[in-house]
Every structure is written in C-alpha cells, then in structure tokens.
Amino acid sequence: MLIKTSRIPASFGASYTVPILKCSVKTCLSVDDIRGISISPVISKLFEMAILDRYSDYFKTSDHQFGFKKYFGCTDAIYSVKNVIEKFVSNGSTVNVCTLDLSKAFDHMKHYALLTGIKLMDRKLPIQLLTIF
C-alpha cells in the first residue's frame, strides 16, 4: 500500500543517534573522535529490505562496490584486498597500500540531485518509488 499510494508515515524518517567512540575514553580529544550511529524503526528497515528485494534490478552497481549492496559488506572488501596483496607478494612483488577515509565526502554529497530523481530517473525507476524517495 505504501508504494501504491506513494506515501510513507512520517515516523519512517525518525531515528535516534547513538554516539560511538572511535578511541579509548582516555585518548578522545575532539568531536571527530566520535561517530554517530542512527537507530531506525524496525518497520522502516523491513520496508527498505522489501524495496531492495522487489526493485533490485533498478539498483545494479559495479562489481567493485561492496557497500550498500545486498549480500556484500566490509568483510568482502577486506577479503578481496587481502587476496590481491597475497597474490602479488607470493609472486615476489612489493605491495604498497594506501587507504583513504572517505566518510566525510559523503556528508557533502548533493542529496538534492539524488532525491529529485535525476540519477534515479535515468534508471527508469517506477514513479511511485521515485515519489516515495
């Protein structure tokens, strides 16, 4: 019914944030040492899972993406990187690894472009789904 009427309850957007320390209590020096985790209502999570299950063909991503993807996560990315490193090392090569924390980059994403459906319209999402988003 939510998709059919293109309306969702306001409480679906409600959540509360729990602060998680990225360091030991003794070494925390600033707000950057704390990460917030949003806790959402279970019913909205179920709805997200139903949307992903029903409309997964519209949300195809690169095979090189692990985050925000059904059945994949951080451990899969780490496993892939570890295998690549082990292959090069076993063949006698030196491997240099550089990591970047891009978490701040997503704070500055143009949500308006996504929410107005520009990118999602390109994927020809059903109008009811675009309206809900």
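Annotation: of all residues in segment 59-86 being among the aromatic types (F, W, Y) and part of a loop (DSSP other than H, G, I, E, B), the one that is nearest to M121 (Cα to Cα) is F68.
Within segment 103-126, the residues that satisfy the criterion of being surrounded by fewer than 11 Cβ atoms within 10 Å (Cβ to Cβ) and modelled with pLDDT of 70 or more are D122, K124. Number of residues in segment 24-43 that are loosely packed, with under 12 Cβ neighbours inside 10 Å and in a loop (DSSP other than H, G, I, E, B) equals 6. Checking each residue in segment 62-73 for being surrounded by 12 or more Cβ atoms within 10 Å (Cβ to Cβ) and more than 24 Å from T17 (Cα to Cα) picks out F66, F72.
The values are calculated or read from the model by the stated rules, or taken from the named source; none is laboratory data. These numbers come from a predicted model, not from an experiment. As a convention, Cβ positions derive from the backbone with ideal geometry for all residues, glycine included, and neighbour counts pool all protein chains shown.
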